[in-house]
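Here's a structure for you.
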Amino acid sequence: VLPDPAVCRRPSLAVTYQGGDAALRDRLLPLVDTIEFTPDTLALVQGGRVVPDRERLAELAALARTHRVVAHGVGLSPASHEGCDAGYLELIDRIFAQVPVAWHSEHLGYTQVDGCFLGTMLAPTRQRAVADQLADRLAAVRRRQGLPFLIEHVAQILPDPGGELSPAVFLSHIAAASGSGILLDCYNLECDAANHGLDLARFFAELDWSRVRELHLAGGNVVAGMQLDVHCQVTRPSTRQLAEIALARAPQLDLVVFEVLQEAVPLLGHDAIVAEVADLAGWLDHAFAGDAAAVG
Ligand SMILES: [Fe+2]
Ligand SMILES: [Fe+2]
C-alpha cells in the first residue's frame, strides 16, 4: 500500500551518530537531514560524577547548526518502582543545554531495580494503573525539558509480562495521557512477533497512528532461536514492509531513523552503513513518488 500524498507526507531520514567518528560523519551528513544521538553514550565518570564528554558534546552542538538533531535516551528507566533516574535527568539537562535537540525520546521500560543496573531493559506489566503512573512520570519529564517527547515500546527478552491492556493500547494510552508522540520501532515489533507471538495485525489495528512521529529501522541477529533486538545489521525486506504500513497510516510521521548501535559500527563497517542510509533514502523517495507528482 503506497502512502496517499493527500494524507501522509515524506518523512525526513536520519541515522544514529554518537560523535567521535569524523570519517563516518562526513559521509553520512550529505545523505540525511536529521541526526539521532543517545545521550547515554556521551556519559563519562569523572571524580565519581557522571558528566558529558566535552569533545563529543561540542561536535554534536556544531552539527546542530546544519542538521536537525534529536535525542534517543536509554537510561531514564521510567518504569522502575522508584521512578525516573534523577542523575540521568541531570545529565540530559546538561547535554540539552548545549545541544539544541528538536525532541527527546525514551523507552517504556526499566533498566534498574532498587538502584541496581540490570544490564538490559525490561518492559513493565501492562496494567492500567501502571500506564497512568508512567504517563504522569513522562509528562513531568516533558514539562521539565520543555521539549516534545516521544515514547518507544521495548522489545521483550523475557516472556510477555501481560496486563489488562494490549501492547498497542498500553502504548497509545500512555502517549495520549502524557502528551507524548509515539516512536515505533519496526524491528522491535518483528522481534516480539518472532519470540512471543505478538499479533502485528491487531497491534496495527489498535495503535493510535495519529501520535506516531518517528520510526526506527534496524536489523539484528538470531541467537539460540531468539530474534535479538540488538541493532547491529542493516534492515531486512520484512522490516521495511512493516515500515511501509506505518508510512501509509501515520499522517504526523516526521522521521525515519536507521538505528545502529555504536558498538556495531566497527562490525558493520562504514561502507555498509553509508550504503544502507543511501538505500533507505531511495526507498523513501520511491514510496512517496506520488508526493512530487501531487505537488507538481
Ligand atoms: Fe530505542
Ligand atoms: Fe529503537
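The values are calculated or read from the model by the stated rules, or taken from the named source; none is laboratory data. Keep in mind that what you see is a predicted model, and the values were worked out from it rather than measured. Glycine also receives a Cβ, built like all others from the backbone with ideal geometry; neighbour counts cover every protein chain displayed.
Please specify each residue of region 179-212 satisfying the condition of being in a helix (DSSP H, G or I), of a type in the set (Ser, Thr, Tyr) and either touching a Lys or Arg at 6+ places or on another chain (Cβ under 9 Å) or within 15 Å of ligand 2 (Cβ to nearest atom) (or both).
187, the sole residue that qualifies.
A further question on this structure: Which condition number does residue 74 fail, the rest of (1) within 20 Å of the chain's Cα centre (by Cα); (2) away from ligand 1 (no atom under 16 Å from the Cβ); (3) surrounded by fewer than 18 Cβ atoms within 10 Å (Cβ to Cβ) being met?
(2)
A further question on this structure: From the list 217, 189, 207, which one is under 24 Å from residue 38 (Cα atoms) and touching a strand residue (DSSP E or B) at 6+ places or on another chain (Cβ under 8 Å)?
It is 217.
Here's a follow-up. Looking at region 80-135 only, could you name the residues that are part of a strand (DSSP E or B), surrounded by 15 or more Cβ atoms within 10 Å (Cβ to Cβ) and more than 19 Å from the chain's Cα centre (by Cα)?
112
With 255, 284, 280, 261 as the choices, which residue is closer than 29 Å to residue 22 by Cα, within 16 Å of ligand 1 (Cβ to nearest atom) and at pLDDT 95 or above?
After ruling out the rest, the residue left standing is 255.
I need a count of the residues in region 153-188 that are away from ligand 1 (no atom under 14 Å from the Cβ), crowded, with 23+ Cβ neighbours inside 10 Å and either closer than 16 Å to residue 122 by Cβ or among the β-branched types (Val, Ile, Thr) (or both).
So the count comes out to 3.
Still on this model: How many residues, within region 213-257, are under 22 Å from residue 149 (Cβ atoms), in a strand (DSSP E or B) and in contact with a helix residue (DSSP H, G or I) (Cβ under 9 Å, 6 or more places away or on another chain)?
4
Pairs, please: C-beta under 9 Å, at least 6 apart or cross-chain, first residue within 23 Å of residue 173 (Cα to Cα) and in region 208-223, second within 12 Å of ligand 2 (Cβ to nearest atom) and aromatic (Phe, Trp, Tyr)?
From residues that are within 23 Å of residue 173 (Cα to Cα), the pairs are 216/187; 216/258.
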